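Note sheet for the following structure.
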Amino acid sequence: MKRPSCQRQLEYIDRIVDLNILRQKRKSLAIHILSDGQPVELRVPLRCPWSEIESFLESRLDWIHRAVLEVASRPREIPPGFKDREIHYFLGKPYPLKLSKGKGKVSVCDGFLNIQCSNHLDEEKVSKQLDKFYKSSSLAIYEERIEVCVADFPVFIRPSGLRVRKMKSRWGSCSQNGEICLNTLLIQKPLAAIDFVITHELCHLIHFGHNKKFYALLDRAMPSWRESELLLSSKSEPFQHFLF
Ligand SMILES: [Zn+2]
């Protein structure tokens, strides 16, 4: 098993990142972001001087910060359960499930996500019902938000189409023919986060990669995008604001 030669913390704006520095038989320095909640690994040559390690870290602080946020904002691998009163999110707000036997209707009402299901004790069936609801509501809401984002965009651009899909590792993507694809699970996030992903994809319709021009356009289109990006990684509203 590899042992960290040194552990330390990196401070950047309002975030502290745990770091393991591993000395290895290698020629160059490399940063590895493993998964959310795990320390970032910095792999360095056995005899690399500390001054070199420090300046390497200094020059990449912004990149590390961004990469850690990106990993934290990926959709969670382990989904919550689908029993009565379990919490699920819709447009950034937490709702307990209220399950009943019925004909497959889902609605948000009186602070609950009401799900009628042929067998409401079957978690897989409930989950499918909720997925259907997320999909149908995401299509309608994303179309509306695209209109808002297109109107606010500094350059005239319009996606050629919209597709929605449940995805495990990304919030959105765009194709070469100008079509935008958005994750149906994004509907769990606040509108500002949805607008951020749409605006991000609109920028990709002009600049393909995440280069300087891309970020300059994103800054113009949505000056507060960094705050909206943070909403993607949080569960949104804290539970204490929530009444059963
Ligand atoms: Zn992108």
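Each Lys and Arg contributes +1 and each Asp and Glu -1, all at the Cβ; summed about the Cα centre of the range 92-184, the dipole is approximately 340 debye.
The gain in end-to-end length when the V108 to S173 segment is fully stretched comes to 20.6 nm, 0.36 nm per residue minus the alpha carbon separation.
Angle between the Cα long axis of helix 191-204 and the longest principal axis of the chain, 0 to 90 degrees, nearest 10? For helix 191-204, the angle is close to 60 degrees. Ordering P45, I21, A72 by the projection of their Cα atoms onto the charge dipole of the range 6-72, which places +1 on the Cβ of Lys and Arg and -1 on the Cβ of Asp and Glu, puts P45 at the extreme positive end.
Taking the C-alpha atoms only, the angle from helix 50-72 to the longest principal axis of the chain is near 10 degrees.
Remark: spin-label model distance R47-S224 equals 5.4 nm, labels positioned 7 Å along the Cα→Cβ axis. Computed from the C-beta positions of Q24 and L121 and an R0 of 45 Å, the FRET efficiency is 0.30 to the nearest 0.05. For the range 81-160, chymotrypsin sites (Phe, Trp or Tyr not before Pro) are listed when DSSP marks them as loop and at most 13 other Cβ atoms sit within 10 Å of their Cβ; the list is F156. Mind checking which of L97, S137, S127 is farthest towards the positive end of the range 94-215's charge dipole, using Cβ charges of +1 (Lys, Arg) and -1 (Asp, Glu) about the Cα centre? Of L97, S137, S127, it is S127. DSSP finds beta bridges in the chain, and of those with both partners inside it, around 55 percent are antiparallel. In this structure, the residue pairs whose Cα-Cα separation is over 20 Å, taken from K103/K166; K103/K189; K98/K132; K132/K166, are K103/K166; K103/K189. Modelled this way, with points 7 Å down the Cα-to-C-beta line, the labels at N211 and R165 are 2.6 nm from one another.
Charged side chains reduced to their Cβ positions (Lys and Arg at +1, Asp and Glu at -1) give the chain a dipole of some 940 debye around its Cα centre.
Helix 123-152 against the longest principal axis of the chain: what's the angle in degrees, Cα atoms only, rounded to the nearest 10? So the helix axis and the longest Cα principal axis differ by about 70 degrees. Per-residue extension of 0.36 nm, minus the Cα-Cα distance of V71 and S5, leaves a gain of 21.3 nm for this segment.
Each reported figure results from applying straightforward, stated rules to the coordinates on display, with no laboratory input. Keep in mind that what you see is a predicted model, and the values were worked out from it rather than measured. Please note: Cβ atoms are built from the backbone with ideal geometry, for glycine as well, and neighbour counts cover all protein chains shown.
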